[in-house]
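A.B. asks: Before we start, here is the structure in question, set down as structure tokens.
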Amino acid sequence: MATTNQNAGAPGAIISVRELRRRFGRQQVLNGVNLDCPTGQITTIVGPSGCGKTVLLKHLNLLLRPDSGTIVIDGVDVTALGGRLQNDVREKFGMLFQAGALFDSMTVFDNVAFPLVELTRMGKPEIADRVGEVLAAVGLKGMERKFPSEMSGGMQKRAALARALIRRPKILMLDEPTTGLDPTRTHQIHELVRGTQRQFGLTAVMVSHDVPAVFEFSDRIAFMHQGRMALNGTVAEVRAANNENFELFLAGRASGIDEPLAAAAR
Amino acid sequence: MIERLGAFVIDRVAALGAFVIFLAEALFYLAAPPYKPRLAIRQLRSIGAESFFLVGLIGLFTGMVLGLQGYNTLSRFGSEGALGTVVALVLVRELGPVLAALMVTARAGSAMAAELGSMQATEQIDALSVMAINPVQYLVSPRVLAGIVSFPLLTGLFDVIGIWGGWAVGVGLMGAPNGPFFNGIKQNMGPHDIAIGLYKALVFGVVVMWVCCYKGYNARRMATGVSRATTEAVVLSSVLILVWDYFLTSVLL
Ligand SMILES: Nc1ncnc2c1ncn2[C@@H]1O[C@H](COP(=O)(O)OP(=O)(O)OP(=O)(O)O)[C@@H](O)[C@H]1O
Ligand SMILES: [Mg+2]
């Protein structure tokens, strides 16, 4: 399929976001976001809590619509897509929601198997094999019969990650995959995403607060500040950038979130 | 002031539009592939089969009280022989469809609004969307279909058990004549009466599923959002059942 139309976005970028704006009531959450995620790389979005990372991710997977701006995914302008065409794009996604969003009336096995059962013609034994494999990879072997409410938050998150990975998506979107996990598990999850990316060449867009680990693990980092990307580049570029707000954020004194807290403390 | 009023009106009209589109979408996706009969069967079980006992019980007591009241009233005019006709017509044309619908609303409709509401609150509906599964087709269409199938069946059950209840009390307990009870029903109740009852049940089935799914599906993302959706679903369903019943009766009579 020819992808060289005027909508193709930046060359080599499977996701291209241009001047994305979105407001909720009076709050301008996205204020001209530009972001390119190169094919086959891991891009991590960092930024203070409440700055709009989740909102941005929900624009990428078409759950929310922008007020203006464009999003090009795999050569298709998805900004105003609907119906079947929208689903064709979404077939390429695996998404881990910040709160997991597991189906709470189903067991872990049924949750992870769900995309295969509903969207493929795969037979039962094959599905069982795949699910077993992925559950082992996220360290949940033996938990197949449990319901989400019977597991810890970290286990739910890993089950949700397994569900996001099960169809070997082209684009993996992860909203804080490691928040609430211990350091060993965090490392394991990072290795798993890295390994899948190497094996299947997937592109990952991740939101994370695990700042030191993010530098080790990502190819690119985008720093979100006041509704736009204050920084966006390879890990080395971002390290060398000397952006004042980013330095403050790393030092744990990001402007924008401290003020109301400080005001409340006074 | 005028501006506020205008905004309010536009808001209401938009909400009504969304409500109508919701049903249109559910019916459209009922006809569109992929077909997942097992989803509808699961709903049939929880809406239809699990309401069987409750609807039968309410039908029995409704029929029994009709037998009692009907006998007391009719005996004042010395026309106890009309008891069967009265009980059957009231049940089949009116009380069967309405009470069965109200019972299913209370039992299954509220549960459905709460279930969909909590799925909305915990982003499970968003998760379906992102997986390229249409949530209306997956969650709402099977429920609407199950409503269309199960409401007439439950109403039929209600009617039959109700008539037997009326017979047991009117004839067995109070001593109304046995022969005229059933002969009267045979002579005075035509296909038209049965059709009206079934037609009402069908309409109520769609209305209840529509309202309960819509309220749950559009619940605000918080615990009070879910409880409010459940309450509104039951109240609006009940009101619509009774209002529609009046208009359907006046049109179909
Ligand atoms: N549906 C919505 N309606 C109104 N405001 C919203 C909505 N969703 C998000 N917001 C607002 O948008 C802002 C960004 O929210 P978002 O969830 O994207 O933050 P975040 O960067 O993911 O934070 P965190 O790191 O804590 O997850 C918040 O201030 C929030 O109040
Ligand atoms: Mg977030």
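A.B. asks: Surrounded by 15 or more Cβ atoms within 10 Å (Cβ to Cβ), β-branched (Val, Ile, Thr), at pLDDT 85 or above and touching a Leu at 6+ places or on another chain (Cβ under 6 Å), is that true of A:Val238? Step through it out loud before you land on a result.
C.D. replies: Numbers: surrounded by 15 or more Cβ atoms within 10 Å (Cβ to Cβ): yes; β-branched (Val, Ile, Thr): yes; at pLDDT 85 or above: yes; touching a Leu at 6+ places or on another chain (Cβ under 6 Å): yes.
Here the answer is yes, as A:Val238 does meet what is asked.
A.B. asks: Looking at (1) under 23 Å from B:Glu232 (Cβ atoms); (2) modelled with pLDDT under 90, find the lone condition where B:Ala111 falls short.
C.D. replies: Exception for B:Ala111: condition (2).
To keep it simple, each residue is scored yes or no on (1) within 13 Å of chain B (Cβ to nearest Cβ); (2) part of a helix (DSSP H, G or I); (3) touching an Asp or Glu at 6+ places or on another chain (Cβ under 6 Å).
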| site | (1), (2), (3) |
| --- | --- |
| A:Met122 | no, no, no |
| A:Gly132 | no, yes, no |
| A:Leu135 | no, yes, no |
| A:Ala162 | no, yes, no |
| A:Thr178 | no, no, yes |
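A.B. asks: How many residues does segment B:138-153 contain that are within 27 Å of A:Leu174 (Cβ to Cβ) and crowded, with 21+ Cβ neighbours inside 10 Å?
C.D. replies: 1
A.B. asks: State which residue pairs qualify: first residue modelled with pLDDT under 95 and inside segment B:214-232, second residue within 16 Å of ligand 2 (Cβ to nearest atom) in any location, beta carbons under 9 Å apart, and separation of 6 or more residues or different chains.
C.D. replies: Partner pairs satisfying both residue conditions: B:Arg221/B:Thr122; B:Arg221/B:Glu123.
A.B. asks: Can you name every residue in segment A:182-203 that is buried (at least 17 other Cβ atoms within 10 Å of the Cβ) and of a type in the set (Lys, Arg)?
C.D. replies: The one that is buried (at least 17 other Cβ atoms within 10 Å of the Cβ) and of a type in the set (Lys, Arg): A:Arg185.
A.B. asks: State whether one or more residues within segment A:184-205 are under 20 Å from A:Gly94 (Cα atoms), modelled with pLDDT of 90 or more and within 16 Å of ligand 2 (Cβ to nearest atom).
C.D. replies: Checked against the condition, which is being under 20 Å from A:Gly94 (Cα atoms), modelled with pLDDT of 90 or more and within 16 Å of ligand 2 (Cβ to nearest atom), segment A:184-205 yields at least one hit.
A.B. asks: For residues in segment A:23-64 being of a type in the set (D, E, K, R) and touching a residue at least 40 places away in the same chain (Cβ under 8 Å), which is nearest to ligand 2 (Cβ to nearest atom)?
C.D. replies: Once the filter is applied, the top-ranked residue is A:Lys53.
A.B. asks: So, in segment A:104-115, how many residues would count as being facing another protein chain (nearest Cβ under 8 Å) and under 19 Å from the mean Cα position of the chain (by Cα)?
C.D. replies: Total satisfying the criteria: 1.
A.B. asks: What are the pairs, 6+ residues apart or on separate chains, where a residue within segment A:73-89 that is within 13 Å of chain B (Cβ to nearest Cβ) has its Cβ under 7 Å from a residue that is at pLDDT below 85?
C.D. replies: Every condition considered, the pairs that remain are A:Val89/A:Leu81.
A.B. asks: While we're looking at this one, here's another question. Is it fair to say A:Leu231 is modelled with pLDDT of 85 or more, closer than 26 Å to A:Ser16 by Cβ and within 16 Å of the chain's Cα centre (by Cα)?
C.D. replies: no
The values are calculated or read from the model by the stated rules, or taken from the named source; none is laboratory data. Everything quoted here is computed from the prediction, not taken from an experiment. In this analysis, Cβ positions are derived from the backbone assuming ideal geometry, glycine residues included, and neighbour counts consider all displayed protein chains.
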